[in-house]
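After the C-alpha cells below, expect a handful of questions from me.
Please treat every number below as a calculation from the coordinates, not as lab data. From a predicted model like this one, the values you see are computed outputs, not experimental measurements. Cβ coordinates were reconstructed from backbone atoms using ideal geometry, including for glycine residues, and neighbour counts include every protein chain displayed.
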Amino acid sequence: MALTNSQYDAIMRDFDRRRNAHILEATLRKREILNTLPRVREIEDEISLSFKDAALKRIHGDKNASADFEVIRKKLEEEKAQILRQNGYDMDYSAPHFDCPLCNDTGYVGSEKCRCLKSAIISYLYELSRIKDRLLVENFDTLNMDYYSKERQVIKGRTEYENMELIVNASKDFVKKFHTDHKNLFFTGNVGCGKTFLTNCIAKELIEQGVPVVYLPSSEFFAELNKRRLMDGGVNSDTSYIDECELLIIDDLGTELTNERMNSDLFTVLNSRINNSLSTIISTNFSLPSIKERYSERVYSRLYGSFEFYQFFGDDIRKKRKNH
Ligand SMILES: [Zn+2]
C-alpha cells in the first residue's frame with residue numbers, strides 16, 4: 001500500500017486520537033467509580049497492602065505467604081465484583097474499551113498491519129478517489145453487457161459486443177498486472193458508451209487492493225493544476241496527490257477550453273507520471289488525432305508512445321437505461 005507519508009500520518013493520527021480517547025474514558029470511569037463507591041477504593045487499597053505484606057513475609061521465609069495472599073485477594077475481588085455488578089459496572093471497569101481488541105487501536109499486531117488499519121486505509125482510499133458512492137454501484141459485478149449489440153459490426157470485423165468484451169478483458173488484465181506491468185489506458189468513444197463506467201470498475205478493484213486511485217473530471221484536473229500554479233512558492237496547495245497516486249483517472253479530457261498553460265500542465269503531469277511508472281487512464285470523446293489538434297504535438301507523442309488505445313462503440317447507455 002503506497003500511501004504518501006502525509007496520508008499515512010493522517011490515518012495514524014486518527015488511530016492515536018481514538019486510542020487516547022478510550023484511555024481517557026477509562027481513567028475517568030475509574031475516577032468516577034472510586035469516588036462514588038468508596039468501598040471499591042478501600043478494597044483496592046487492601047489488596048495492594050496485602051500484596052506488599054505477603055512479599056515481606058516471603059522474604060522472611062513464610063512459605064504460605066503467597067497462598068494466604070491469594071485467599072485474601074480472591075475474597076476481596078469477589079466483594080468488589082459484587083459491588084460493581086450491583087452498580088452496573090464491569091469487573092474490568094478500569095481497562096480502556098478499544099474499538100479493535102486485536103491491536104488495541106494501535107493499528108499493528110506485532111510488525112504487521114492489523115486488519116482494522118487495512119480497512120481504514122481502504123476507506124481512506126475510497127474518500128481520496130472522490131467517487132466512493134459511484135464505485136458502490138458501478139463495478140465489474142454490475143457491468144451489463146446487454147447494452148452492446150451482438151449484430152452491429154464496428155471495427156475490424158468485431159461486433160459492438162465483441163469489442164466491449166475485448167476492452168473489459170484488457171481492463172481486467174490491467175488490474176491483474178497492475179503491480180508488475182506498468183500500463184496506461186486511453187479510452188475513446190462517444191458519450192455514454194461505457195468509458196467512465198469501466199474506469200470506475202478498474203478503480204474499485206484497485207482500491208480494494210489498497211491502491212491509491214484518484215478520479216478527476218478533466219475540468220477539475222486542470223483547476224487543481226491551476227491552483228497549484230497560483231499557490232506555487234506560497235501556501236502548500238497540496239495537489240501532490242495528482243503526481244503521487246498510483247492510478248490517476250482523467251475523465252472526459254477535451255471538454256474544457258484549452259490554452260497554452262493547460263497544455264503545458266497536461267504534458268508535465270503525464271510526463272512525470274510516465275517517468276515514475278505511475279499509471280494513468282484517460283477517457284475522452286475525442287479521437288487521438290483530435291487530441292493532437294487540441295493539445296500539442298508533445299502531448300500527443302507522449303500519449304502515443306505510452307498508452308494502450310481502446311475505442312468504445314455503442315448507443316448512449318444512459319438513454320437506454322432511462323427507456324427501460
Ligand atoms: Zn486492529
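For the range 5-109, with the dipole built from +1 on Lys and Arg beta-carbon atoms and -1 on Asp and Glu ones, taken about the Cα centre, which of V109, N5, A55 lies farthest toward the positive end?
A55
Right, here's the next one. Averaged across orientations, what area in nm² does the convex hull of the alpha carbons in the range 130-323 project?
Taking the Cα atoms of the range 130-323, their convex hull projects to 11.7 nm² on average.
By DSSP, what percent of the beta bridges with both residues in the range 130-323 are antiparallel, rounded to the nearest 5?
10 percent
What distance in nm separates the simple spin-label points at E127 and T180, each placed 7 Å from Cα in the Cβ direction?
Going by the 7 Å Cα→Cβ label model, 3.4 nm.
Continuing with this model, one more query. For a quick check, take a GNM of the chain with Cα springs below 10 Å and name the residue from L303, L37, L253 with the largest mean-square fluctuation.
Sorting by GNM fluctuation, first place goes to L37.
When only C-alpha pairs under 8 Å and at least 6 residues apart count, what is the relative contact order of the range 130-323, in percent?
About 32 percent, as a whole number.
How high is the relative contact order of the range 5-109, in percent, counting Cα pairs under 8 Å that sit 6 or more residues apart?
Normalised by residue count, the contact order of the range 5-109 is 41 percent.
In whole Hz, what ³J(HN,Hα) sequence does the range 87-100 give by Karplus (6.51, -1.76, 1.60; θ = phi - 60°), x for Gly and Pro?
9, x, 10, 7, 5, 8, 4, 8, 8, x, 9, 6, 5, 10
Okay, helix-only estimate at 222 nm for the chain: each DSSP H run of n ≥ 4 adds -39500 (n - 2.57), divide by all residues, round to 500 deg cm²/dmol; what do you get?
My calculation for the chain gives -18500 deg cm²/dmol from helical runs alone.
Explain nothing, just the number: dipole magnitude of the chain about its Cα centre with +1 on each Lys and Arg Cβ and -1 on each Asp and Glu Cβ, in debye rounded to the nearest 20.
Dipole size: approximately 240 debye.
A follow-up question, please. Which whole-number value in Å³ per residue fits the convex hull of the alpha carbons of the range 5-109?
Hull volume over Cα atoms, normalised by residue count, gives 140 Å³.
Any idea what the relative contact order of the chain is, in percent, if you count C-alpha pairs under 8 Å spaced at least 6 apart?
19 percent.
Could you pull out which residues in the range 70-100 have an amide N less than 17 Å from a spot 7 Å beyond the Cα of A55, following the Cα-Cβ vector?
Inside the label zone: 70, 73.
Something else: Could you state the angle between the C-alpha long axis of helix 260-275 and the longest principal axis of the C-alpha atoms of the chain, as a value from 0 to 90 degrees rounded to the nearest 10?
Rounded to the nearest ten degrees, it is 60.
What's the magnitude of the charge dipole for the range 236-277 around its Cα centre, counting Lys and Arg as +1 and Asp and Glu as -1 at the beta-carbon? Answer in Debye, nearest 20.
Magnitude of the dipole: close to 160 debye.
Same structure, new question: State the percent of C-alpha pairs, over all pairs in the chain, separated by a distance greater than 25 angstrom.
Value for the chain: 65 percent of Cα pairs lie more than 25 Å apart.
Return, in residue-number order, each cysteine of the chain whose C-beta is not under 4.7 Å from any other cysteine's C-beta.
C193, C201, C245, each lacking another Cys Cβ under 4.7 Å.
Can you give the % of DSSP beta bridges in the chain that are antiparallel, to the nearest 5?
Taking every DSSP beta bridge with both residues in the chain, the antiparallel ones total about 15 percent.
For the chain, take the longest principal axis of its alpha carbons; what is the angle in degrees between that and the long axis of helix 195-208, to the nearest 10 within 0 to 90?
30 degrees
How much net charge surrounds N104 when only the other residues with a Cβ under 11 Å from the Cβ of N104 are counted, with Lys and Arg +1 and Asp and Glu -1?
With Lys, Arg at +1 and Asp, Glu at -1, the net is 0.
Given the options E32, E224, E165, state which has the largest fluctuation in a GNM of the chain using a 10 Å cut-off (strictly under) for Cα springs.
Its mean-square fluctuation being the largest, the pick is E32.
Subtracting the Cα-Cα distance from 0.36 nm times the residue separation, let me have the gained length for S287 to S6 in nm, one decimal.
Computed gain between S287 and S6 is 97.4 nm.
I've got another one for you. Work out the length of the dipole vector of the range 5-109 about its Cα centre, built from +1 on the beta-carbon of each Lys and Arg and -1 on the beta-carbon of each Asp and Glu, and round it to the nearest 20 debye.
Roughly 160 debye, rounded to the nearest 20.
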